[in-house]
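Q: Next up is a structure, given as structure tokens.
The values are calculated or read from the model by the stated rules, or taken from the named source; none is laboratory data. Only a predicted model underlies this, so the values are computations on that prediction, with no experimental measurement involved. Every residue, glycine as well, gets a Cβ built from its backbone with ideal geometry; the counts of neighbours run over all protein chains shown. The protein model used for the area step is the full one, side chains on, heavy atoms only, and it has no ligands, DNA or RNA in it. Shrake-Rupley method; radii C 1.70, N 1.55, O 1.52, S 1.80 Å.
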Amino acid sequence: RYLDGMARTLRLAGAADPLAMLGEAQDGFMAHYPCRGDDVALQRPLGALYADLAARAWPGEALSPSQDGRIHVGFASAFFREHTVGRLFAGWLTALDPARFAVHAWHLGKPDAFTRALAASVPSLTTVDASDAGALGRRIRGRRLHVLIYPELGMDVPTLRLAAQRLAPVQ
């Protein structure tokens, strides 16, 4: 009910100012804890709403993935730091064969020693300010990715605002 109510409220208010409503976006992280069934079904209406608001707030150009012969894969997270998500997914950034894959990664938060060590192992890991999701979205879109991976969604609101945008053909 919480997520449905939030989606209804944002949809009504977002009709006038989608960017402002994305600024009010909340994550649904705690909605999963009651374990009442299909969490995907709970999240789908809210995700669709965020995608609709983002499309109106930041209309994107047509996506044109790089044609240099490699698959361009992007990763974006506020948790490429000393955190469970960072420890679980760091290998995804470092294990891809550079002859086949171009890896681009964005850390959406404050770096720590873990972030700096990971950056030394990844050709393109940049710490960025995620407060302007539109500007960051344009920057990521400019990398002409084939795939954009968010190792976690629902734990960081700025990441949700970024993920609501269509920045790669596969997200």
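Q: Among (1) open to solvent by less than 70 Å² (accessible area, probe 1.4 Å); (2) within 14 Å of Arg161 (Cα to Cα); (3) at pLDDT 65 or above, which single condition is Asp39 missing?
A: The single condition Asp39 does not satisfy is (2).
Q: Output the residue which, of all residues in segment 138-154 that are under 23 Å from Ala55 (Cβ atoms) and in contact with a helix residue (DSSP H, G or I) (Cβ under 6 Å, 6 or more places away or on another chain), is modelled with the highest pLDDT. Talk me through it step by step, then tell me what you get.
A: Going residue by residue through segment 138-154, those that are under 23 Å from Ala55 (Cβ atoms) are 138-150, 152-154.
Restricting the remaining residues to those that are in contact with a helix residue (DSSP H, G or I) (Cβ under 6 Å, 6 or more places away or on another chain) gives 150, 152-154.
Working: Tyr150: 95, Glu152: 90, Leu153: 84, Gly154: 78.
Of everything passing the filter in segment 138-154, Tyr150 is modelled with the highest pLDDT.
Q: Filter segment 59-110 for residues that are β-branched (Val, Ile, Thr), closer than 14 Å to Ser121 by Cβ and open to solvent by less than 50 Å² (accessible area, probe 1.4 Å) and give the result.
A: Taking segment 59-110 as the starting set, the residues that turn out to be β-branched (Val, Ile, Thr) are 71, 73, 84-85, 94, 103.
Still in the list and also closer than 14 Å to Ser121 by Cβ: 94, 103.
Of everything in segment 59-110, just one residue is β-branched (Val, Ile, Thr), closer than 14 Å to Ser121 by Cβ and open to solvent by less than 50 Å² (accessible area, probe 1.4 Å), namely Val103.
Q: Let me ask something else. With respect to Ser131, determine if the residue is over 23 Å from Thr84 (Cβ atoms) and open to solvent by less than 40 Å² (accessible area, probe 1.4 Å).
A: Values: over 23 Å from Thr84 (Cβ atoms): yes; open to solvent by less than 40 Å² (accessible area, probe 1.4 Å): no.
Criteria not met by Ser131.
Q: When you scan segment 68-82, do you find a residue that is of a type in the set (Lys, Arg) and either closer than 23 Å to Gln43 by Cβ or in contact (Cβ under 8 Å) with a residue 24 or more places away in the chain (or both), even just one?
A: Of the residues in segment 68-82, the ones of a type in the set (Lys, Arg) are 70, 81.
Keeping just the survivors that are either closer than 23 Å to Gln43 by Cβ or in contact (Cβ under 8 Å) with a residue 24 or more places away in the chain (or both) gives 70, 81.
Within segment 68-82, one or more residues are of a type in the set (Lys, Arg) and either closer than 23 Å to Gln43 by Cβ or in contact (Cβ under 8 Å) with a residue 24 or more places away in the chain (or both).
Q: Further, regarding this structure: Please determine, by comparing only the residues of segment 113-125 that are open to solvent by less than 40 Å² (accessible area, probe 1.4 Å) and touching a Lys or Arg at 6+ places or on another chain (Cβ under 9 Å), which one is nearest to Ala51 (Cα to Cα).
A: The extreme case among them is Ser124.
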